[in-house]
């Protein structure tokens, strides 16, 4: 049992640690109260805009884009006069599309404002246009729907094979302007060659400053907090190097399988779907040098340096796995993918090294997979042990760990060593200084914008900080391609692992060779 004084000390530390929480562009932190912080709402307005969503009836538009726009409307960030135009090849009029949008908002938008008339007001800004992406049908009508004075944003929520055709017709019908923006979703190619070709296609019609390659992971509040923690606190930045950090673990685990994405996923696999983009971006934010200024190209220049500093990965430093059937009757990977001979991995773990002055000798252990024991995205920064303990061997070995939880229960935990309360000598124990955002910041934290809300508003503002640059994407593929090519050359087959487990057994050996072990999914 921890006594009152220790508890009071920990609560004080939690409130101090909570000051690292940053809500850029939507909230400012106000006064501290016992147990949590209060926040003062501060909505940054944007200029009146037109947003054209190609693939406006698709799953991404229904689940993420349209509900996110509605939430921003509720927050006062969709100015009067703005237009949201869904575009697809199916025949539909404005009223039918608005009905579809209303259903999507009610199902995926959290239900806020749906029954008080707010949703009806939002739908007045929504329209639909039937367009043939590969032909000329509908394009003149789409051009007439745009307002010359508005900032124009084109969201390509379609397959990459259509990017060129869409860009060509936007220009042909006079819809592009010098300050228009185009948003493209991943995958940004499936290897270096296709990524270069895709970048070249976009470059033929848009300047790099107009292209927004969206990775929703970068819009997560806690992911952005990596920069606030590192560069906003004198406590951490001096220790953020190989002299003090023993190793870093990044885990992005999912408890679900591939679901209805079988065809896409079986062509991609965990390496292309997760490591090359999501996990790579997390490595960059952890390992990057401080940019001269918090500006888009300054930040992205430093991220690019990290990717180019990644060393090659030896085959014995990689584990590939494929999940089996679940005890609840859920199908195994091959059944879900519809490919009984699939050699695509649903799990990857590897040891990477950032070969530069700051991180030489500090391994980065990455793992991601489907059908694992828990849904958890967490970064663990494991600090080195004391070179000499004054408390003797009987005190045991103790390690400081900074855990940054991306999902679920976003927050930060710092494990520190203290004296165990009570008489009987100096006995040491490890305790967490835990700052769970929902608890530390109160109910206001629940209203923080989600990743798509923030990123869409950043597009409209013209802020590219949280979007990948073309050379960054190509550098990531240049590191990933040799790993995949080596698997194919050796004819590697992923090792099976049980659904609901921690993954294949040989993943443990990656750390065991270094006399380390994986930290649990939920620190």
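The values are calculated or read from the model by the stated rules, or taken from the named source; none is laboratory data. Quantities reported herein were computed from a predicted structural model and do not represent experimental measurements. Every residue, glycine as well, gets a Cβ built from its backbone with ideal geometry; the counts of neighbours run over all protein chains shown.
Tabulated data for the structure shown
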{"item": "The listed residue being surrounded by fewer than 21 Cβ atoms within 10 Å (Cβ to Cβ), under 30 Å from residue 161 (Cβ atoms) and modelled with pLDDT of 90 or more, out of 83, 61", "result": "83"}
{"item": "Filter result (modelled with pLDDT under 90 and within 20 Å of residue 368 (Cβ to Cβ)) within region 317-335", "result": "326, 330"}
{"item": "Residue identified as buried (at least 21 other Cβ atoms within 10 Å of the Cβ), in contact with a helix residue (DSSP H, G or I) (Cβ under 8 Å, 6 or more places away or on another chain), part of a helix (DSSP H, G or I) and in the same structural domain as residue 262 (by TED's automatic domain parsing) among 336, 349", "result": "336"}
{"item": "Single residue of region 176-212 satisfying the filter (in a loop (DSSP other than H, G, I, E, B), touching a residue at least 60 places away in the same chain (Cβ under 8 Å) and in contact with a strand residue (DSSP E or B) (Cβ under 8 Å, 6 or more places away or on another chain)) that is nearest to residue 50 (Cα to Cα)", "result": "179"}
{"item": "Considering residues of region 135-175 that are in contact (Cβ under 8 Å) with a residue 24 or more places away in the chain and exposed (fewer than 12 other Cβ atoms within 10 Å of the Cβ) only, the residue nearest to residue 94 (Cα to Cα)", "result": "140"}
{"item": "Residue match in region 480-491 (condition: under 23 Å from residue 225 (Cα atoms) and either in a helix (DSSP H, G or I) or modelled with pLDDT of 95 or more (or both))", "result": "no"}
{"item": "Top-ranked residue of region 430-470 - restricted to ones that are outside any helix (DSSP H, G or I) and at pLDDT below 75, ranked as nearest to residue 219 (Cα to Cα)", "result": "449"}
{"item": "Qualifying residues in region 488-509 (those that are over 25 Å from the mean Cα position of the chain (by Cα) and surrounded by 19 or more Cβ atoms within 10 Å (Cβ to Cβ)) - the one nearest to residue 310 (Cα to Cα)", "result": "494"}
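Here is a yes/no grid of residues against (1) touching a helix residue (DSSP H, G or I) at 6+ places or on another chain (Cβ under 9 Å); (2) under 30 Å from residue 344 (Cα atoms):
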{"site": "203", "(1), (2)": "yes, no"}
{"site": "206", "(1), (2)": "yes, no"}
{"site": "213", "(1), (2)": "yes, yes"}
{"site": "226", "(1), (2)": "yes, no"}
{"site": "237", "(1), (2)": "yes, no"}
{"site": "240", "(1), (2)": "yes, no"}
{"site": "245", "(1), (2)": "yes, no"}
{"site": "249", "(1), (2)": "yes, yes"}
{"site": "253", "(1), (2)": "no, yes"}
